[in-house]
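Only the coordinates and a few stated rules stand behind these numbers; no lab work does. Just so you know, these numbers come straight off a predicted model, no measurement behind them.
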Amino acid sequence: MLEKDLLSVIRVSSFHVQMLLVRQLLDRLGYKQIQFMGRRERKEKTYLGGHEFTADDRVGLFDVQTVVKFVGQEVRVRMLDELAGVVRRTGSDYGILISTHGLTNSAEFHLGSHEPIRIRVVTGTEFVRLLIQHKIGVREVPNLQVDEPFFRHLDRMSRQVSRFIEAVR
């Protein structure tokens, strides 16, 4: 039940709240030097669009760059193609597509077709499980439940970001 409740709260949250959640999750997963790539609003590319982050890290003796694309809708083949193109254009090592939903049948069929580019898809169910595992958006009182004050705080931050973006235009 917690997974469904958390996913419902995330899906109705603003785009900026969703981006902040993804940013926090990437940090907890160990990604460093996480940066937003350009766009700051949903409408700048497609209506529902998405947003990309880059995460640079050192693994052993190697510097590794990952492009992470977040979308708040079902994953389509076009999104996989776009992510593969960004990974190729930026010379990144990996691509991760995170969605609050699942994959279309067509996207699932084409998932491995971008080789040698390595792409990993994290669907809504896995996304929520990772958030719960890393204690993001949930709290223990006495059982785990959605942390509503946390989401209200993110919403306030989101509105501040939106006002800032409007002010600098």
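Once the Cα atoms are used to define both axes, helix 148-168 deviates from the longest principal axis of the chain by about 60 degrees. Taking Cα atoms only, the orientation of helix 77-90 departs from the longest principal axis of the chain by about 70 degrees. Under 5 Å between amide hydrogens, built in the peptide plane, is the criterion, and for I98 it picks out K69, F70, V71, V122 among residues at least 5 positions away or on other chains. Counting only Cα atoms, the size of the chain along its three principal axes is 46, 40, 37 Å, in decreasing order.
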